[in-house]
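What follows is calculated from the coordinates using simple rules that are stated; it is not laboratory data. Since this is a predicted model, take the numbers as computed values, not measurements. Quick reminder, even Gly has a Cβ in these numbers, built from the backbone with ideal geometry, and neighbours come from all protein chains shown.
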Amino acid sequence: MTTFALTKALDKLQKVQEEKLQGISNKQQATSDKRQATSALPMPHVSLRVGEVFSINFLRGEVVPMRVRRTLAYAALGYLVVHLALLFILFKVASASRTEWQSLEATLGNSSASLGTLRQEMDTMVEQATRDIAQFNTFIALEKDQFPVGGKLAALAKTLPARTWVTGVSGDREGHKITVQASYLINPESPYELPMKKWVEALKGNDHFGKHLKRLNVESSSQKMQGKVELCNFELVAEWDK
């Protein structure tokens, strides 16, 4: 009886041990299956760079359809073509503007040169007229007491119009007749405004020149170009009663 019970207890203990071993084997098998399943999944790519903690690039599938990508590519290409066309138009406009500006600069340069030459010639004539008037006044001052027409010549100098200078004076010593040759530099802004009429009126109103005046006429006048300026040459003839 005792031996039978002992044998039965040993069998039961062996059976329990076998069940435990079977459970352990099942757990190991399950763990192995999980590892195999995990190894079959795509592993993330981890890269470390200087200045950053980490970055992970997962392998993804296609998310944008090919038709959409093709449409976007065509739209980008059209946008680029439009901007290239606009750049070409702007380049043509800029080139045309630069050509016009260069032409305008050349024209203005030529005009400035012509105006400078004309101004220089006018300044030279004004200086010559100033010297002639100074000589004329000196002559009047020296001959005033000796020459009877001194007052009349002084009147010519005092009433001389602007842009006008005397080129010659002749007459008799008694002062009954005087002939005056003069030139007038025509003003380009008023080409038809001549000084003869106003000068004649001013001389007639002068006390020395207009006293006993018999006649004062413009005998001749002519216009001619001298260089780039136009001159009006005229002659005045004055006569007094004897």
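Here are a few things to note about the model shown:
- Sparse packing (at most 14 other Cβ atoms within 10 Å of the Cβ) combined with a DSSP loop state is found for the following GluC sites (Glu not before Pro) in segment 127-234: E174, E189, E193.
- Sequence-ordered 3J(HN,Hα) estimates for segment 91-97 from the Karplus curve with 6.51, -1.76 and 1.60 and θ = phi - 60° stand at 5, 5, 4, 5, 5, 4, 5 Hz, glycine and proline given as x.
- Pairs from the table (K198/K228; K198/K242; K204/K228) lying more than 32 angstrom apart at Cα are K204/K228.
- Charge dipole of segment 73-242 (Cα centre as origin; +1 on each Lys and Arg Cβ, -1 on each Asp and Glu Cβ, all else neutral): 200 debye, rounded to the nearest 20.
- Exposure proxy ranking, count of Cβ atoms within 10 Å, fewest first, for V166, V218: V218, V166
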